[in-house]
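The block underneath contains the structure these notes are about, expressed in structure tokens.
The values are calculated or read from the model by the stated rules, or taken from the named source; none is laboratory data. Fair warning: this is a prediction, and the values are worked out from it, not measured in the lab. A quick note on method: Cβ atoms are made from the backbone with ideal geometry, for glycine too, and the neighbour counts reach across all protein chains shown. In case anyone asks, the SASA skips ligands and DNA or RNA and just uses the protein heavy atoms, side chains included. Shrake-Rupley method; radii C 1.70, N 1.55, O 1.52, S 1.80 Å.
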Amino acid sequence: MSHRFTRDDLERTARLARLELNAAEQDLFAQQVAGILDYADQIQRIDTSGVEPTSHPAGGGGAMRDDAAVPSLARAESLAASADADTAAGLFKVPRVLG
């Protein structure tokens with residue numbers, strides 16, 4: 001990596017993500033992200049030319065099992081456990097996320 005992650009980079013990223021960070025948080029996070037990126041750069045420099053590509057680190061594609069249909073929680077029971085549900089309509093009420 002030719003560019004060291006700086007506080008200016010963090011400020012730009014925080015602005016794009018609409019995060020409000022105080023000066024101490026900016027310094028801390030800039031240092032932490034720089035450390036993460038430096039470590040990723042170290043990993044990129046490892047010679048893997050003699051290593052076969054794999055789809056799973058444990059080999060064999062991971063622990064697989066057959067899918068089996070099992071009964072799920074009844075709608076009335078799951079609605080009863082909700083803090084704010086419209087049981088008559090059979091729907092959960094959630095806070096508005098957009099606009």
Using θ = phi - 60° and the Karplus curve 6.51 cos²θ - 1.76 cosθ + 1.60, what whole-Hz ³J(HN,Hα) does each residue of the stretch 69-80 get, with Gly and Pro shown as x?
6, 10, x, 9, 5, 5, 4, 4, 5, 6, 5, 5
Pick the calculated Cα extents along the principal axes in Å for this structure from (i) 42, 34, 21; (ii) 36, 30, 20; (iii) 59, 47, 20?
(iii)
Mind checking the per residue accessible area of the chain for me, 1.4 Å probe, whole number of Å²?
90
Protein accessible area in the chain, 1.4 Å probe - carbon and sulfur %
55
Report the calculated FRET efficiency for Thr13 and Val94 (r = Cβ-Cβ distance, R0 = 25 Å), to the nearest 0.05.
0.30
